[in-house]
1. Counting only residues that are open to solvent by less than 40 Å² (accessible area, probe 1.4 Å) and more than 14 Å from the chain's Cα centre (by Cα), how many does the stretch 4-41 have?
2. Looking only at the stretch 42-64, decide whether some residue is at pLDDT 95 or above and crowded, with 18+ Cβ neighbours inside 10 Å.
Amino acid sequence: MNKIKKGDDVIVIAGKDKGKRGTVLSVVDNGQKLLVEGINIAKKHVKPNPNSNEKGGILSKAMPIQRSNVMVYDQTTQKGSRVGIRILKDGQRVRFLKASDQLVDVKE
């Protein structure tokens, strides 16, 4: 079970975007990298292509960031928190935040 999944709210703990928060858009590279909204933005120079109606110029594109450089954001402590996996009495595996001991995967 992956500890960081699509849709999680994360905070960057290392790199040029340290301290920024964003939502995980997708998990790439077999779970080792994450595509996070508004994090690790790179400039890409694009040629115009009249056949497909594409304009040329400089585009801003989100690039993947290493999973080790982000932590799941904990609303109660207002900080990043490590994630653990707990098995409930009914046998279901859920993720929980170690800082505040709250469940992440609560299905009601």
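The values are calculated or read from the model by the stated rules, or taken from the named source; none is laboratory data. All values reported here derive from a predicted model rather than from experimental measurement. Methodologically, a virtual Cβ is constructed for each residue, glycine included, from the backbone with ideal geometry; neighbour enumeration extends over all protein chains shown. We work out accessible area using only protein heavy atoms, side chains counted, and drop any ligands, DNA or RNA first. Shrake-Rupley method; radii C 1.70, N 1.55, O 1.52, S 1.80 Å.
1. Counting residues in the stretch 4-41 that are open to solvent by less than 40 Å² (accessible area, probe 1.4 Å) and more than 14 Å from the chain's Cα centre (by Cα) gives 0.
2. No: the stretch 42-64 contains no residue that is at pLDDT 95 or above and crowded, with 18+ Cβ neighbours inside 10 Å.
Residue by residue, here is whether (1) within 30 Å of I87 (Cβ to Cβ); (2) of a type in the set (S, T, N, Q); (3) touching a Phe, Trp or Tyr at 6+ places or on another chain (Cβ under 8 Å) holds:
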{"residue": "K5", "(1), (2), (3)": "yes, no, no"}
{"residue": "D9", "(1), (2), (3)": "yes, no, yes"}
{"residue": "L34", "(1), (2), (3)": "yes, no, no"}
{"residue": "K43", "(1), (2), (3)": "no, no, no"}
{"residue": "V46", "(1), (2), (3)": "no, no, no"}
{"residue": "E54", "(1), (2), (3)": "no, no, no"}
{"residue": "G57", "(1), (2), (3)": "no, no, no"}
{"residue": "M63", "(1), (2), (3)": "no, no, no"}
